[in-house]
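Enquirer: First the structure, then my questions, so here it is.
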Amino acid sequence: MQFLTITWNPPEGIDLGFFIIRYYSLMFVVAFSLGYYLTKKIYQREGLSQEKLDSLLMYMILATLIGARLGHVIFYQPELFLEDPLSVFLPIQTVPEFEFTGFQGLASHGAAIAIIIAMFYYSKKVIQKPLLWILDRIIIAVASGGVFVRIGNFMNSEIIGKPSGDFPLGVRFIQDSIAPGQAVRATGMDTPSKAYDAIVNNPQYADLLNSVPFRHPTQLYEAAGYVLVFLICWYLYWKTERRKQIGYIFGVFLITLFLVRFLVEFVKESQGGFESLLGVFTTGQWLSIPFILAGIYIMWKASKKPVIEEK
């Protein structure tokens, strides 16, 4: 039964006439803006200055983007370091030919590692507080940001799921399954966007449309999971005394966020990496396990500590 299935063919972005705002970029702006707002409320509660908040924003932006990109290349496409090194940090590819691609390929595991490293320096140089203290507080913003990043992936028809069969939430990702050139050749249209629209709306191309399988919208599954992670962490900080047990909320965050990632990987298409060497799990699942174990340990250690009264 497929009563909730859809055919997904989003526009390239929001066309302003002179410029197109791509949805993925827009979702990053929303993620950082919301994160800034949420963290500002926390900093006000903690009596920290606006200047320190502004410094935090810069640390977070750089760590997220650099870490996510490096993480993707190291874990999933290490060959780029030799074959096309400029594409590692620039929104282009030079092999087999030069092309502006935008920034593609970002790994949440790489972002997590880079954020922890950046917060180590931030905690020492800017706020002079324990690393786990700042991690307990920023993960509320990180969890909310993850929701919008995954929505951006959905808008881009990327990081798709396995064929869903009769599962009622299947999605046909037209733009992922049919290459732009193939769509143009099949329809005779002059641009990929027109070609995709023709395939979706013109019965003449029903056979081509029906060749695209329904897949699990894993981006939305993950986004929904991150909403729960955000709500749990938000509640622990604002409504309980757990914020006074340094490391507890961060431990919960690691467990819940990477458990969501681990579970969603079961219905996600393989993104490559080293999973063929280890078997059993995907690369994303293998990378999630250390974070989950670390979260269990950090939360357990924090729960043993006495509550630190706020001054």
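The values are calculated or read from the model by the stated rules, or taken from the named source; none is laboratory data. Here the structure is a predicted model, which is why all the values come from computation and not from measurement. Cβ coordinates were reconstructed from backbone atoms using ideal geometry, including for glycine residues, and neighbour counts include every protein chain displayed.
Enquirer: For the condition in a helix (DSSP H, G or I), of a type in the set (Asp, Glu) and over 24 Å from the mean Cα position of the chain (by Cα), what is the one hit in ASP190, ASP207, ASP166, ASP176?
Expert: ASP207
Enquirer: Within region 9-66, which residues are over 23 Å from ILE159 (Cβ atoms), in a loop (DSSP other than H, G, I, E, B) and touching a residue at least 40 places away in the same chain (Cβ under 8 Å)?
Expert: If the condition is that a residue be over 23 Å from ILE159 (Cβ atoms), in a loop (DSSP other than H, G, I, E, B) and touching a residue at least 40 places away in the same chain (Cβ under 8 Å), then LEU48 is the only one that fits.
Enquirer: Could you please tell me which pairs satisfy a Cβ distance under 7 Å, a separation of 6+ or placement on different chains, a first residue in region 71-92 that is closer than 26 Å to ILE116 by Cβ and in contact (Cβ under 8 Å) with a residue 40 or more places away in the chain, and a second residue that is surrounded by 13 or more Cβ atoms within 10 Å (Cβ to Cβ) and not small (Gly, Ala, Ser)?
Expert: Qualifying pairs under 7 Å: GLY71/HIS109; GLY71/ILE113; PHE75/HIS109; PHE75/THR283; PHE75/LEU287; TYR76/GLN271; TYR76/THR283.
Enquirer: Oh, and also: Somewhere in region 102-114, is a residue loosely packed, with under 14 Cβ neighbours inside 10 Å and either more than 22 Å from SER157 (Cβ to Cβ) or modelled with pLDDT under 85 (or both)?
Expert: Yes, because at least one residue in region 102-114 is loosely packed, with under 14 Cβ neighbours inside 10 Å and either more than 22 Å from SER157 (Cβ to Cβ) or modelled with pLDDT under 85 (or both).
Enquirer: Any idea which residue in region 210-236 is farthest from the chain's Cα centre (by Cα), counting only those that are under 28 Å from TYR43 (Cβ atoms) and surrounded by fewer than 19 Cβ atoms within 10 Å (Cβ to Cβ)?
Expert: Within region 210-236, the match that is farthest from the chain's Cα centre (by Cα) is TYR235.
Enquirer: Sticking with this one: Looking at ASP197, ASP207, ASP190, ASP176, which one is in contact (Cβ under 8 Å) with a residue 40 or more places away in the chain, surrounded by fewer than 20 Cβ atoms within 10 Å (Cβ to Cβ) and among the charged types (D, E, K, R)?
Expert: So the residue among ASP197, ASP207, ASP190, ASP176 that is in contact (Cβ under 8 Å) with a residue 40 or more places away in the chain, surrounded by fewer than 20 Cβ atoms within 10 Å (Cβ to Cβ) and among the charged types (D, E, K, R) is ASP197.
Enquirer: Search region 114-170 for residues being among the polar types (S, T, N, Q) and touching a Gly at 6+ places or on another chain (Cβ under 9 Å), and hand back the single one that is farthest from VAL229 (Cα to Cα).
Expert: SER164
Enquirer: For region 255-286, which residues satisfy the criterion of being β-branched (Val, Ile, Thr) and either in a loop (DSSP other than H, G, I, E, B) or modelled with pLDDT of 90 or more (or both)?
Expert: Once the filter is applied, which keeps residues that are β-branched (Val, Ile, Thr) and either in a loop (DSSP other than H, G, I, E, B) or modelled with pLDDT of 90 or more (or both), region 255-286 yields ILE255, THR256, VAL260, VAL264, VAL267, VAL280, THR282.
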